[in-house]
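The values are calculated or read from the model by the stated rules, or taken from the named source; none is laboratory data. All values reported here derive from a predicted model rather than from experimental measurement. Neighbour counts run over all protein chains shown; Cβ positions are idealised from the backbone, glycine included. All accessible areas refer to the heavy atoms of the entire protein, side chains included, with ligands and DNA or RNA removed. Shrake-Rupley method; radii C 1.70, N 1.55, O 1.52, S 1.80 Å.
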Amino acid sequence: MENIRNLSITQLKDKLKEYGYPSYRTKQILKWIWQKGVNSFNDMTDLKKEDRNKLSRHFSLKNLIIENIKTDKTGTRKFVFHTDNNPDIPQGFIETVYIPQGKRHTVCLSTQLGCPLNCTFCRTGYYGFKRNLTLFEILSQLLEVKRHVEKVSNIVFMGMGEPFLNWTNVKHAIEIINSDFGFKIGARKITVSTAGHIPGIKKLFEFPLQVKLAVSLNAANEKTRSFLMPINRHFHLKNLMETLKEYYNVKKKRITFEYVLIKDINDSIEHARELVKLIKHIPCKLNLIPYNPFPEKPFKKPDFKRIETFKAFLYKALKSAVSVRRSRGSSLLGACGQLIYKKQKEV
Ligand code: SAH
């Protein structure tokens, strides 16, 4: 039976119409499934009994099951979920991170089970790719996290996977996150992060919701970028930067660049100079992320002084917002690039 949480707003509207419901029911039902998060059609108390029964004849109403939740001393929490227990599709674990920081309460959502991009420095890619997450698996991460935390103000698609390789489901998820009948989170508080998937970025040109775009740059020349991020062998840095200029011209929205600083790979002043040259003509914000080590790879994080020198150079040259994102959640193996779909050892 079809899980009602797997339907986009439009699909739900069409299905309900097909089953003879008046159109205002869509909003009511959306509220029940995503805002109030009920676990049974019977709890939809403003629907007539016969309507509730009819819904349960046509649909199931599944939730993701939590495997465990861990919290570190900063309040950052890593949630591990079982995937949908549908025997027809591969199973695994979905990891989601909640990061409270001052007024901002961010949830970092996963979009794929693993990731096919195989970036050399990323643990998600190291374990390979199983499949795209369904709409329900993407949104239920948020629904379940919300039940356990004080509040959620921001969403970042920066968990496991490349959002643009699962764009249909990610797009439908954004529509529900933003909807007044869904999670009611403003589009400007939703960030889609990409490794540089050019056709995906182009899809954002026509997307009506003004979500933010983040691009994981990680290197400012073709050679290093192709070494770190194999996607660069298809979608070259040069073309990526042209697409981003076009993006700015169409959307007039500042782009966020992420740059993971890895010792002796991309952290010298020479690299900083190259980076300035590459991005200085694009209105942007730059987040430097010190590399989070993991046991399977030999890469290292640069020492504090080197990170500060790199940052100071960029700050002086760009005069735009440059920040060092001290990744939260590393003690939980929940920081950037540490999420995997396999069961992790106790940490
Ligand atoms: N595929 C998308 C979404 C994942 S975001 C993207 O690449 O943007 C995950 C972020 O974590 C990316 O910015 C990536 O560059 C960063 N990352 C991956 N491995 C990391 C590691 N070991 N340490 C720090 N950051 C890492």
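Annotations
- Any helices (runs of 4 or more DSSP H) falling wholly within segment 1-74 and containing at least 3 residues that are open to solvent by 30 Å² or more (accessible area, probe 1.4 Å) and modelled with pLDDT of 95 or more: 9-18, 49-58
- Contact annotation: residue pairs with Cβ atoms under 9 Å, 6 or more positions apart or on different chains, pairing a residue in segment 97-121 that is on the phi > 0 side of the Ramachandran plot with a partner that is of a type outside the set (Asp, Glu) and near the ligand (Cβ under 9 Å from one of its atoms), are Gly114/Thr124; Gly114/Gly125; Gly114/Met160; Gly114/Gly161; Asn118/Gly125; Asn118/Met229; Asn118/Ile231.
- In segment 284-340, the residues that are assigned to a loop (DSSP other than H, G, I, E, B) and at pLDDT 95 or above: Tyr291, Phe299, Lys300, Lys301, Pro302, Asp303
- Failed condition for Ile255, given (1) open to solvent by less than 30 Å² (accessible area, probe 1.4 Å); (2) touching a residue at least 60 places away in the same chain (Cβ under 8 Å): (2)
Conditions (1) within 16 Å of Lys297 (Cβ to Cβ); (2) within 16 Å of the ligand (Cβ to nearest atom); (3) within 13 Å of the chain's Cα centre (by Cα), marked per residue:
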site: Pro100; (1), (2), (3): no, no, no
site: Lys103; (1), (2), (3): no, no, no
site: Val107; (1), (2), (3): no, yes, yes
site: Gln112; (1), (2), (3): no, yes, yes
site: Asn118; (1), (2), (3): yes, yes, no
site: Cys122; (1), (2), (3): yes, yes, no
site: Phe129; (1), (2), (3): no, yes, no
site: Phe136; (1), (2), (3): no, no, no
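- Residue match in segment 155-168 (condition: over 15 Å from Ser193 (Cα atoms), crowded, with 20+ Cβ neighbours inside 10 Å and of a type in the set (A, V, I, L, M, F, W, C)): no
- Residue-level check: of (1) open to solvent by 20 Å² or more (accessible area, probe 1.4 Å); (2) small (Gly, Ala, Ser); (3) at positive phi, Gly196 misses just (1).
- Scanning segment 208-247 for residues that are farther than 16 Å from Cys284 by Cα and either modelled with pLDDT under 95 or outside any loop (DSSP other than H, G, I, E, B) (or both) yields a total of 14.
- The residue of segment 300-324 that is nearest to Tyr98 (Cα to Cα), among those that are basic (Lys, Arg) and exposed (fewer than 15 other Cβ atoms within 10 Å of the Cβ), is Lys300.
- Among residues of segment 187-208 that are in the same structural domain as Ala219 (by TED's automatic domain parsing), those with a Cβ under 7 angstrom from a residue that is away from the ligand (no atom under 16 Å from the Cβ) and open to solvent by 10 Å² or more (accessible area, probe 1.4 Å), sequence gap 6+ or separate chain, pair up as Ala187/Asn178; Ala187/Leu209; Ala187/Gln210; Arg188/Gln210; Lys189/Ser153; Ile190/Asn178; Ile198/Asn239; Phe205/Val250.
Conditions (1) out of contact with any Leu (no Cβ under 8 Å at 6 or more places or on another chain); (2) within 16 Å of the ligand (Cβ to nearest atom); (3) assigned to a loop (DSSP other than H, G, I, E, B); (4) under 15 Å from Trp34 (Cβ atoms), marked per residue:
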site	(1), (2), (3), (4)
Ser140	no, no, no, yes
Ile155	no, yes, no, yes
Met160	no, yes, yes, no
Phe164	yes, yes, no, no
Trp167	yes, yes, no, no
Ile174	no, yes, no, yes
